[in-house]
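Notes follow once the structure below has been shown.
The values are calculated or read from the model by the stated rules, or taken from the named source; none is laboratory data. Everything numeric in this text was worked out from a predicted model, so none of it was measured. Using ideal geometry, Cβ is built from the backbone for each residue, glycine included, and neighbour counts are taken over all protein chains shown. Ligands, DNA and RNA are excluded from the accessible area calculation, which covers all protein heavy atoms including side chains. Shrake-Rupley method; radii C 1.70, N 1.55, O 1.52, S 1.80 Å.
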Amino acid sequence: MTDGMRPEGALADISGRSGRDAVVIGGGLAGITAALALADAGVRVTLIEGRPRLGGLAFSFQRGDLTIDNGQHVYLRCCTAYRWFLDRIEGTALAPLQDRLDVPVLDVARPEGRRLGRLRRDALPVPLHLGRSLATYPHLSLAERAGVGRAALALKGLDLADPTLDTQDFGSWLAAHGQSARAVEALWDLVGVATLNAVAGDASLGLAAMVFKTGLLSDPGAADIGWAHVPLGDLHDRLARKALDSAGVRIEVRTRVTSISNDENGRLRVQVPGETLPADTVVLAVAQREAYDLLPDGALDAPEQLLEIGTAPILNVHVVYDRKVLSRPFFAALGTPVQWVFDRTDASGLRDGQYLALSQSAARDEIDEPVAELRERYLPELERLLPRARGAEVKDFFVTRERTATFAPTPGVGRLRPGARTKVPGLYLAGAWTATGWPATMESAVRSGVSAADAALSALGRPRPSHLFDVEEAA
């Protein structure tokens, strides 16, 4: 039941059914995707989520009269799996893409004062589509711009299938290819920190190369940015529930799985408090540490590797002003602790003033700082960046903290990420941390759900739904 309230025995009533039954554990994007794909193929699916809502780490909550996203989430045109997901839940119009990549970049550290630059593309083939933007980018010297071009061509030549890329760090590779500290700050980390949740020196070359090759060096429109113009909960909870309900998926929220085991007939059993769910297929779509706790013995050759996959935090700073201080939908910043700033006024339901959300990735040094200290740091920085903020009254200031927002994309993480299949028949893994080839993004989560469903349907002998996103399975 979608409200999380169920009559006694409601979960157990599938035990007498004939046919194929699946249980998906975890109601984030990976779990929702797997449940939809399995249900679309005719499998009876029960989706179990411990929280009172769906959406995982991309969700909304109420703060007074406002609807707040826990953090700003964006996607790119190259995120074809997440775009499929939006279409599947009928949410595409609510999270539109830019017509053409255009990122305002404000630098407040220059001696001449605040300066605006832009990263945008032209309607030209790769790599010429970024040529004019790079040639006129004011935050780099002429020599640095030329050096960025040479490094981009070298990056384009890397083979993403080369496993040695995962053993190197991106920062060292950039330094070896002539990139100055300023070029790393003003370009490579500007993009990389937001997509990888790590600075170049802490990021796997393999994952960084994947981001830049796919996003900036594959198709002219690949890096066009999209984001939800409504609260994330409208997409990942309300519309997702509607799609799941229409597909016949049973949704159980506020329900915790305590174990997964095999019964005497070789079927899987999913245990929740007071109930046992028999299933032919189980998709475990939870965080890696929770997956480790639930995996039956022998499911993976080296399950302890899941615990070696580190996590990285994201800090989100929320500021409500009594007036409009920002005239554009978003911008990125240099020469300041501020990274990316988004206008969330309309999406939140704010009627008067303006609500800005600051997304601070790789925030390990700040994630546990008191709100008062963060306020003292970030409000003056916003005044440096936005002159109209200097006379504005701050109506509200608060932070949201995701201490384990993503897996840490450190060198060597690739060998730790498991594929969808386990050694237990019928048991599959999903989650942005699995071996999708992508960093921990909404795109990676959806791809993992598709891969898990594909593997399960193959084992069940069920045809793949014709409309399912076409993803190469990483197993």
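Note on segment 191-209: residues that are hydrophobic (A, V, I, L, M, F, W, C), part of a helix (DSSP H, G or I) and either more than 17 Å from the chain's Cα centre (by Cα) or under 14 Å from PRO313 (Cα atoms) (or both) amount to 6. Against the numbered list (1) modelled with pLDDT of 95 or more; (2) open to solvent by 30 Å² or more (accessible area, probe 1.4 Å); (3) out of contact with any Ser or Thr (no Cβ under 9 Å at 6 or more places or on another chain), SER180 comes up short only at (3). Being more than 24 Å from the chain's Cα centre (by Cα) and not in a loop (DSSP other than H, G, I, E, B) is the filter here, so list the residues in segment 349-378 that pass it. Scanning segment 349-378 gives GLN354, VAL371, ALA372, GLU373, LEU374, ARG375, GLU376, ARG377, TYR378. Answer yes or no: is there a residue in segment 441-459 that is open to solvent by 30 Å² or more (accessible area, probe 1.4 Å) and among the small types (Gly, Ala, Ser). Checking segment 441-459: at least one residue is open to solvent by 30 Å² or more (accessible area, probe 1.4 Å) and among the small types (Gly, Ala, Ser).
Scanning segment 205-212 for residues that are open to solvent by 30 Å² or more (accessible area, probe 1.4 Å) and of a type outside the set (Gly, Ala, Ser) turns up nothing.
Restricting segment 218-247 to residues that are in a loop (DSSP other than H, G, I, E, B) and touching a strand residue (DSSP E or B) at 6+ places or on another chain (Cβ under 7 Å) leaves a set whose member that is nearest to ALA39 (Cα to Cα) is PRO231. In segment 142-160, of all residues being without any contact (Cβ under 8 Å) to a residue 40 or more places away in the chain and outside any helix (DSSP H, G or I), the one that is most open to solvent (accessible area, probe 1.4 Å) corresponds to ASP159. Considered as a group, the residues in segment 27-48 that are in a helix (DSSP H, G or I) and of a type in the set (Gly, Ala, Ser) include one that is farthest from PRO96 (Cα to Cα), and that residue is ALA39.
In segment 230-257, the residues that are under 13 Å from ARG51 (Cβ atoms) form Cβ pairs under 6 Å with partners that are basic (Lys, Arg) and open to solvent by 20 Å² or more (accessible area, probe 1.4 Å), at six or more places apart or across chains, as follows: ASP237/ARG53. Could you say whether any residue in segment 401-411 is over 16 Å from the mean Cα position of the chain (by Cα) and of a type in the set (Ser, Thr, Tyr)? Yes.
If you filter segment 388-440 down to residues that are of a type in the set (S, T, N, Q) and touching a Gly at 6+ places or on another chain (Cβ under 8 Å), you find that the one that is nearest to ALA30 (Cα to Cα) is THR434.
SER18 fulfils the conditions (1) over 24 Å from PRO463 (Cβ atoms); (2) at pLDDT below 95 except for a single criterion, (1).
Among the residues here, THR164 does not qualify as open to solvent by 10 Å² or more (accessible area, probe 1.4 Å), in a helix (DSSP H, G or I), in contact with a Cys (Cβ under 7 Å, 6 or more places away or on another chain) and more than 22 Å from VAL338 (Cβ to Cβ).
Do we have ALA186 as within 22 Å of GLY226 (Cβ to Cβ) and open to solvent by less than 60 Å² (accessible area, probe 1.4 Å) here? When the stated conditions are applied, ALA186 does not pass them. Screening the candidates GLY461, GLY419 for the property of being more than 22 Å from GLY215 (Cα to Cα) and modelled with pLDDT under 95 yields one hit, GLY461.
Taken together, the criteria place ALA93 among residues that are modelled with pLDDT of 95 or more, farther than 20 Å from SER327 by Cα and among the aliphatic types (A, V, I, L, M). The single residue among LEU174, LEU119 that is open to solvent by less than 30 Å² (accessible area, probe 1.4 Å), more than 30 Å from ALA347 (Cα to Cα) and aliphatic (A, V, I, L, M) turns out to be LEU174.
Whenever a residue of segment 441-468 is free of Cβ contacts under 8 Å to residues at least 24 places away in the same chain and farther than 26 Å from GLY56 by Cα, it has no partner that is open to solvent by 30 Å² or more (accessible area, probe 1.4 Å) and assigned to a loop (DSSP other than H, G, I, E, B) lying with C-beta atoms less than 6 angstrom away and at least six residues away or across chains.
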